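Undergrad: Can you read through this structure? Questions will come right after.
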Amino acid sequence: MRTHLDINNLPNFRNAVITIGSFDGLHAGHQKIIDRIKNLAKSHDGESVVVTFHPHPRSIVYPKANDLRLLTDLKEKLRLLEASGVDHTVVVPFSIEFSQQTPQEYVERFLIKSFNPRYIVIGYDHRFGLNRNGDLAFLRQYEQAGKLEIIEIEKQEIASIAISSTKVREAISGGDIIKANQLLGHFYSLSGKVIHGKKIGTTINFPTANLEISEPKKHIPSEGVYAVIAHIEGLSLNGMMYIGTKGDNVGKPKEIEVHLFDFDQNIYGAEMLVEIVDFVRDNQKFDSLDLLKAQLEKDKSRSSEIIKSHFYNHTNTALVNIAILNYNGQSFLESYLPFLEEQDTTNNVVTVIDNKSTDDSIEYLQEWHPEINLIPLDKNHGFADGYNQGIRQINEKYTLLLNSDVKVSKGWLEPLIAVMEQDPNIVSCQPKIRSIEKPQDFEYAGAAGGFMDAWGYPFCQGRLLDTIEKDTEQYEEVKEVFWTSGAAMIVRTELFKSLGGFDADYFAHQEEIDFCWRAKNAGYKCMYQPASVVYHLGGGTLNYGNSRKVCLNFRNNLNTILKNENGVKLLWLFPWRLILDGLAGIQFLVKGNVTSTVAILKAHLSVYGSFFETLRKRKHNKSYIKNSELIPNPKTGRLKKSLIWNYYILGKKTFKDLNIG
């Protein structure tokens, strides 16, 4: 990261993607915005630029206000921005003169002249210029004139950030450092200069470094003892910190003393940064130095345990990001998130990707599940592109796609991870999926792993067409399948991205089959793990008989065949599939289901209209897989004959009847 302190001497940024704000604390909400500008810059061959202010604007505009408490001073903020991976940070010296610019001057002389931005990522309520007269509508005028493009941060996300800042301060004041650090996404820290103290600690073999905080408006934790990690002169040292008042100092600024374990060098005058790992105990008085020393021995032991425990857990965190795509699914979140939170979260984080819900989903998550990562999208991108948009902001090794209407069972996650860890050529793995409404039955969407017949019809272990089996433990083998269900499947995050993710044009239904087929053409494996069991409501967001669902299924299935099937086979298969779809439409019509017949017609018209675009995608898919050194094996998981013939003519109604092997 390059830091710029002189706004009159800035470089010529390349396709700058900028965001503007105080970013106090650079907590998890801010980090999502940083991730957004980084991803946007990367996709447009640009540079990500964070514009922040120093001093804090409130301290200049309202100099007599004494309620401002900062989570970070400037050095701390820059250190965190450096760690975030942003390309540039510009620190704007905030002054009365700067605040007196008219909105036009702010945009033209400051934003456009200084940054020439391609994109500005900004909050819906951002105000600027003299008397805060500038707003988003004012900026839109420049967008319409072709000067720049605006990416609006929605109201819900801004509210989430505000809530996070408030909750961080509340947690710190209440001594709940663990919660504060979770909301921040990093340790809360204090920094300043080491100064001379009364040296009482030295007399009992507990010397302390007294810390003079650099930022007078810094938010200081409540009185007590804390386990800490101190950074000083290139060293990182474990220790414990005391915050409090002693004797005649009541009413004066709190004393901050740090005892560094196994360290006895002279560091007076040095700059120290102290990261707070956890709260140890409240402040208390002692009648003698011997009693104080005995307690400090206990504090040291406890602090050492806390720090060791943190780093043990830290090395085992964030292996998996459980990503739940949500659209107006508050009732599902209320019903099924508690089952997810009952599980051991040591190796995973949970993210909800919200497709611009119009219900109270976001408000519910902010109030009841603030620990869950939230990625709010700018519109309803559908299932396919919604996941694409969200997973671009996920960096964990594995992403587990989980429908909002899925209930997990105890110990469901570890078996899936075990399968993925044993073979780097596995791209995805799904659990056994049962029905919530009929818990002994397999569920339609995925059952015990997906397969494909010779004619491009998908089916599952446990479900052929509309025939669903009971789970009598007949499918208890870990097995390579042809496709895994989007209702619940774990994928390698970077491989998902590099293989192109889901086809955004699918919107919903069979996008996972298309992805898995593409992955198999590249030589990767898709797996089924029966030791993991989840329960799916099925049709929770769009019931199985819905005409739109029928249209999407027929349309997406034909496009999947066009994009992935062997070229020579496609010449005869595709015309025959159109005929078979027509026969299905006639069957619906005979049964009086006119809407489904119309849905098939719409599906075919859509396929015809996008035919050449689909062929272009087929060609483009080769760019995703051309560098693969694996041997493609798309035949695994395929029935060599027709499922339709076996099912309707030969009467084979279960997977085992097919003898697929």
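Undergrad: Under 22 Å between C-alpha atoms is the cut-off here; go through the range 2-161 and count lysine pairs that meet it, provided they're at least eight residues apart or on different chains.
TA: Number of lysine pairs found: 11.
Undergrad: Amide H neighbours of Val228 under 5 Å, at least 5 residues apart or on other chains, H built in the peptide plane: list them.
TA: For Val228, whose amide H was placed from the backbone, the distant partners under 5 Å are Gly239, Met240, Met241, Val277.
Undergrad: What list of ³J(HN,Hα) values in whole Hz, one per residue of the range 446-460 in order, does the Karplus curve 6.51 cos²θ - 1.76 cosθ + 1.60 (θ = phi - 60°) give from phi, with Gly and Pro shown as x?
TA: Per-residue couplings from phi come out as x, 6, 10, x, x, 10, 9, 8, 5, 9, x, 8, x, 7, 9 Hz.
Undergrad: Now a separate question. Roughly how many whole Å is it from the C-alpha centroid of the range 138-153 to that of the range 254-293?
TA: Here the answer is 52 Å between Cα centres.
Undergrad: Computed from the coordinates I sent, P(r) over Cα pairs in 20 Å bins from 0, in percent equals one of [x] 16, 36, 31, 15, 2, 0; [y] 17, 51, 29, 3; [z] 16, 42, 30, 11, 1. Tell me the label.
TA: Structure-derived value, by its label: [z].
Undergrad: How high is the relative contact order of the range 2-161, in percent, counting Cα pairs under 8 Å that sit 6 or more residues apart? Mind showing how you got there, number by number?
TA: Working: 243 pairs, mean separation 44.9, N = 160.
Worked out over the range 2-161, it gives 28 percent.
Undergrad: With a Förster radius of 25 Å, plug the Cβ-Cβ distance of Glu341 and Arg302 into 1/(1 + (r/R0)^6) and report the FRET value to the nearest 0.05. Working shown, then result.
TA: Details: r = 28 Å, r/R0 = 1.10.
According to the calculation, E is roughly 0.35.
Undergrad: Continuing with this model, one more query. With +1 on the Cβ of every Lys and Arg and -1 on the Cβ of every Asp and Glu, and nothing else charged, how large is the dipole of the range 2-161 about its Cα centre, in debye rounded to the nearest 20? All intermediate terms of the calculation are to be shown ahead of the outcome.
TA: On the way: 20 positive and 20 negative charges, 22 e Å.
Value, rounded to 20: 100 debye.
Undergrad: Any idea what % of Cα-Cα pairs in the range 6-153 are farther than 19 Å? Kindly include the intermediate steps, with their values, before the conclusion.
TA: On the way: 5679 of 10878 pairs.
In whole percent, the share of Cα-Cα pairs in the range 6-153 beyond 19 Å is 52.
Undergrad: For Cys429, what residues show an amide H to amide H distance below 5 Å, using hydrogens built from the backbone and excluding near sequence neighbours?
TA: For Cys429, whose amide H was placed from the backbone, the distant partners under 5 Å are Ile490, Met527.
Undergrad: Which FRET efficiency, nearest 0.05, do Ala504 and Ser288 yield, Cβ-Cβ r, R0 51 Å?
TA: Working: r = 71 Å, r/R0 = 1.39.
That gives a FRET efficiency of 0.10.
Undergrad: Which loop-located GluC sites (Glu not before Pro) does the range 470-579 contain, where loop means any DSSP state but H, G, I, E or B and the Cβ has at most 14 other Cβ atoms within 10 Å? Display every interim value, and only then the final one.
TA: On the way: sites: Glu473, Glu476, Glu477, Glu480, Glu494, Glu511, Glu512, Glu565; in loops: Glu473, Glu476, Glu477, Glu565.
Filter output for the range 470-579: Glu473, Glu476, Glu477.
Undergrad: Given the options Gly486, Ser610, Ser498, identify the residue whose Cα lies farthest towards the positive end of the charge dipole of the chain (+1 on Cβ of Lys, Arg; -1 on Cβ of Asp, Glu).
TA: So the residue furthest toward the plus end is Ser610.
Undergrad: Name the lysines eligible as straight-distance cross-link partners of Lys591: C-alpha to C-alpha under 21 Å, and not fewer than 8 places from it in the same chain.
TA: By straight Cα distance, Lys591 reaches Lys549, Lys602.
Undergrad: Arg2's amide H: which non-local residues (gap 5+, or another chain) put their own amide H closer than 5 Å, with H modeled 1.01 Å from N in plane and none for Pro or chain starts?
TA: The answer is His88, Thr89.
Undergrad: Toward the positive end of the charge dipole of the chain, about the Cα centre and with charges on Cβ (Lys, Arg +1; Asp, Glu -1), which of Gly29, Ile307, Asn380 goes farthest?
TA: Of the candidates, Asn380 comes out farthest on the positive side.
Undergrad: Determine, for the range 187-287, the count of lysine pairs separated by eight or more sequence positions (or lying on different chains) whose alpha-carbon distance falls under 18 Å.
TA: 18
Undergrad: How many nm is it between the label spots at Ile151 and Asn566, if each spot is 7 Å from the Cα in line with the beta carbon?
TA: If labels sit at Ile151 and Asn566, their model points lie 4.4 nm apart.
Undergrad: Here's another thing I want to ask about it. For the chain, what are the DSSP H helices with axial Cα length of 20 Å or more and mean Kyte-Doolittle hydropathy of at least -0.5? All intermediate terms of the calculation are to be shown ahead of the outcome.
TA: Details: long enough: 28-43 (22 Å, -0.64); 155-173 (27 Å, 0.05); 289-314 (36 Å, -0.89); 547-564 (26 Å, -0.58); 567-590 (35 Å, 1.31); 594-609 (23 Å, 1.03); 611-625 (22 Å, -1.32).
Answer set is 155-173, 567-590, 594-609.
Undergrad: Could you give the semi-axes, largest first, of the ellipsoid that matches the range 187-287, computed as the square roots of 5 times the alpha carbon gyration tensor eigenvalues and rounded to whole Å?
TA: They are 19, 16, 14 Å, listed from largest to smallest.
Undergrad: To continue, here is another question. Students often get this wrong, so check it: of Lys479/Lys635; Lys167/Lys379; Lys520/Lys617, which have C-alpha atoms separated by over 22 Å?
TA: Lys167/Lys379
Undergrad: Find which of Ala519, Gly129, Ala180 sits farthest along the positive direction of the dipole of the chain, computed with +1 on the beta-carbon of Lys and Arg, -1 on that of Asp and Glu, about the Cα centre.
TA: Ala519
Undergrad: Give the residue list of trypsin sites (Lys or Arg not before Pro) in the range 1-97 that are DSSP loop and have at most 16 other beta-carbon atoms within 10 angstrom.
TA: Details: sites: Arg2, Arg14, Lys32, Arg36, Lys38, Lys42, Arg58, Lys64, Arg69, Lys75, Lys77, Arg79; in loops: Arg14, Lys64, Arg69.
Passing both the DSSP loop test and the Cβ count: Arg14, Lys64, Arg69.
Undergrad: Continuing with this model, one more query. If you place +1 on the Cβ of every Lys and Arg, -1 on the Cβ of every Asp and Glu, and leave all else neutral, what size is the dipole of the chain about its Cα centre, to the nearest 20 Debye? Before the final figure, lay out each step's value.
TA: Working: 76 positive and 79 negative charges, 429 e Å.
About 2060 debye.
FYI, it's all coordinate maths here, none of it is from the lab. Being a predicted model, the structure only gives us computed values, none of them experimental. For neighbour counting, all protein chains shown are included, and Cβ atoms are generated from backbone atoms with ideal geometry for every residue, glycine included.
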